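A short reminder: the numbers here are calculations on the coordinates, not readings from a lab. Computed from a prediction, not measured in an experiment: that's the story for all the values here. FYI the Cβ positions are ideal-geometry reconstructions off the backbone, even for glycines, and counts take in every protein chain you see.
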């Protein structure tokens, strides 16, 4: 008997919903352009509030951090953009026992930019995101998130940071025991400022926007990997963040779904003024999204710069990574 597959070509369990493949979008096309009329105005207002707040946040962070921080940030970020970074590592070290994961790592992301963290497995890409979210503490170094030094922050203080900066985990990290709709509604209910009918309309609109319309009553276990990632992005957006961290968003999804996720991430950056970090091993994906790239090798920053600068580099380790990335295995 042939495998059951959805329209994206992903294997699906019996009873798993199928979804029509959304078309590709231009990054400047309105995020709400194809929403149903009953949800479109509500979601436009919701996203408009987020975009306005993010613009104001970017200006405040840029001004505050440009005055409060120097060193690598002053030499690099300020000299090129005349603003302070929204997120930054400066001379960060992290070990687990005798295993050194990060060694003297420094990089920055300016407000409204996208940084892609590249490198092979085990070089500290995901660990970097966990440090930024405060789930891990660095052994040494300075970590800036939303313009604030976080290394000495309490858990209560970090909860305030996480209201501004959210993370889309590789496995989606959805609550398994509640429906897709309830997962997306969770941050909206936490805010306590919206009526239930508004919450349901925003949930419906966000699910439509990320390409999983009508799946609010399904459990996460009913969805394919790509659909879970889409729902995780919808839940992240429900908190109206100013920055989103994506951990390997294209791992274990088919090429079409990967392209659609990249298209969505880029449109969110442009239209909501989101600051983004994307951890990936896929150079093609990074090329689509990145304003800057940091390449980690053996726990160190082997390269930090633009995609064009990366391609022009003659560094042997970097060139080997780029060459292997271009290889396509025969079907």
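Some notes on this structure:
- Under the criterion of Cα pairs below 8 Å and six or more residues apart, the relative contact order for the range 40-320 equals 24 percent.
- Over the range 238-320, Cα pairs under 8 Å with separation of 6+ residues give a relative contact order of 24 percent.
- DSSP bridge orientation in the range 40-320 - percent antiparallel, rounded to nearest 5: 55 percent
- Length added when fully stretched, residue 298-residue 182, from 0.36 nm per residue minus Cα-Cα: 37.7 nm
- Computed over the range 40-320, the ratio Rg/Rh where both radii use C-alpha atoms and Rh is Kirkwood: 0.96
- In a fully extended conformation the segment linking residue 259 and residue 121 would gain 47.5 nm over its present Cα-Cα distance, using 0.36 nm per residue.
- In this simple spin-label model, placing a label point 7 Å from the Cα along the Cα-to-Cβ direction at both residue 196 and residue 93 gives a separation of 5.5 nm.
- Kirkwood Rh in Å, taken over the range 128-226 so that all alpha-carbon pairs contribute: 15.6 Å
- Largest to smallest principal axis extent of the C-alpha atoms in the range 153-300, angstrom: 47, 39, 29
- Förster radius 45 Å - calculated FRET efficiency between residue 270 and residue 319 (Cβ-Cβ, nearest 0.05): 0.90
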